[in-house]
Structure formats: C-alpha cells, structure tokens
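In what follows, a structure is listed as structure tokens, so that the remarks can point back to it.
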Amino acid sequence: MQPLVSRTYFGFPEEDLKATRMKYGLRRADRFTSLAITAIDKTLAEVPAEAPAPDWALVTASCFGPHRTVFATLDDILDFPEDQILPTKFSHSVHNASASYICSALKIHGPSFAISGFDCIEGQAMQLAETLLGASMARRVLVAIIEEAGLLTETAHALMPERFPGRIDDFSKVLIY
C-alpha cells in the first residue's frame with residue numbers, strides 16, 4: 001500500500017523547533033519530540049490532506065530514539081543524588097514519550113505505537129500502519145520516522161558499519177496512510 005503523503009526532512013533550524021514548541025505549548029518537550037512534531041506540522045502545512053482527527057492512529061519509529069535525552073538522564077543519575085533527578089527528563093527518555101506529545105498536540109485519540117529497532121524500521125512502521133487500516137482500527141495512520149543527531153548517531157557507523165553506512169544527522173520522514 002502506498003502512502004497518501006510522504007515527506008522527508010533533513011534537519012531543522014533551532015528557530016523552527018522553538019516555533020513548534022510555542023505553537024503547540026510544548027514547554028517541556030525534548031529535542032527529539034520537537035523534531036517529530038516540526039516534521040509533522042510542516043508536512044500537514046504542505047499537503048492538501050485532511051487534518052488529523054481523533055479517529056487517526058499514530059506510529060512513531062526510530063532506531064535510536066531520544067538518545068540525547070537518555071544519555072542526559074543517565075549522566076544525571078551518575079552525577080546527582082536520586083532525589084535530584086528530574087522526573088520529566090526521565091520520562092522523556094522513554095521512546096513513546098514523543099508519541100504521547102504528538103497525539104496530544106494533534107488531538108489524535110486512536111491507537112498509538114512507538115517502535116524501535118535497527119532492522120528495517122521504516123518497513124515495520126509501514127506494515128503496522130497497513131495492519132491498523134486493514135483491521136479498521138483507524139481511518140488514517142500518521143507515521144513519523146525520526147532520528148536525532150547526537151553522540152550515538154555520530155559513532156554508529158564506527159560501531160556497526162554494515163547497518164549504518166554513514167553518519168546519521170537529524171532526519172524525519174512523515175507518511176500519511
């Protein structure tokens with residue numbers, strides 16, 4: 001099944017991410033979430049498609065997830081006493097945190113999935129979207145594939161060259177089925 005809409009983005013200026021946070025009131029959203037919502041917002045603005053509705057579903061997919069936030073949280077755990085760890089930062093280190101923000105921002109009430117893995121993550125996300133539609137669990141499915149540049153993505157090629165042929169920069173792909 002071909003998506004109705006497919007857009008790919010490589011990076012966004014920090015001003016765009018800040019504008020997205022302001023537009024949707026994302027005061028505490030991490031950079032990974034801001035990348036995802038900025039890509040979705042730009043896609044929806046560019047494409048003459050229907051707006052997200054409560055009966056849509058969401059699939060977010062990433063090989064590395066919010067690894068900048070994960071590493072910052074781990075650094076805090078090592079550097080500070082337990083009672084000084086920020087619970088919000090910790091909760092943002094979970095892969096499905098961005099899915100929750102996206103659904104809240106766009107008022108999507110259908111099924112929401114956050115998937116991760118190194119093998120064919122885009123294909124798995126597309127397959128899940130097709131399954132949701134085939135089972136009549138949603139009228140449309142919004143798929144967001146996001147990778148955030150950071151320490152882990154800078155070294156992924158050196159660690160696993162067969163899976164990651166080059167450096168991974170900020171990347172977002174949005175599909176609407």
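Points worth noting:
Yes or no, residue by residue, for (1) assigned to a strand (DSSP E or B); (2) in contact with a Pro (Cβ under 6 Å, 6 or more places away or on another chain); (3) at pLDDT 80 or above:
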position: Ser100; (1), (2), (3): no, no, yes
position: Ala114; (1), (2), (3): yes, no, yes
position: Val143; (1), (2), (3): yes, no, yes
position: Leu175; (1), (2), (3): yes, yes, yes
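- Tabulated pairs, the range 141-164, first under 24 Å from Ile40 (Cα atoms), second of a type in the set (Val, Ile, Thr) and assigned to a helix (DSSP H, G or I), C-beta under 7 angstrom, 6+ apart or interchain: Leu142/Ile40; Ala144/Ile40; Ala144/Ile102; Ile145/Ile121; Glu147/Thr153
- Yes/no for Ala36 being among the small types (Gly, Ala, Ser), under 14 Å from the mean Cα position of the chain (by Cα), closer than 20 Å to Val59 by Cβ and modelled with pLDDT of 95 or more: yes
- Of the helices (runs of 4 or more DSSP H) contained entirely in the range 1-81, those carrying at least 1 residues that are among the aromatic types (Phe, Trp, Tyr) and surrounded by fewer than 22 Cβ atoms within 10 Å (Cβ to Cβ) fall at 14-24, 67-79.
- Qualifying residue in the range 148-160 (condition: farther than 21 Å from Trp56 by Cβ, out of contact with any helix residue (DSSP H, G or I) (no Cβ under 6 Å at 6 or more places or on another chain), among the hydroxyl-bearing types (Ser, Thr, Tyr) and exposed (fewer than 15 other Cβ atoms within 10 Å of the Cβ)): yes
- Checking Ser98 against (1) under 16 Å from Ile176 (Cβ atoms); (2) surrounded by 14 or more Cβ atoms within 10 Å (Cβ to Cβ); (3) not charged (D, E, K, R), the condition it does not meet: (1)
- Selected residue (criterion: farthest from Thr8 (Cα to Cα)) from residues of the range 116-140 that are without any contact (Cβ under 8 Å) to a residue 24 or more places away in the chain, more than 18 Å from the chain's Cα centre (by Cα) and in a helix (DSSP H, G or I): Gly134
The values are calculated or read from the model by the stated rules, or taken from the named source; none is laboratory data. Since the model is a prediction, treat every value here as computed from it, not as a measurement. Here the Cβ is made from the backbone with ideal geometry for all residues, glycine too, and neighbour counts use every protein chain on show.
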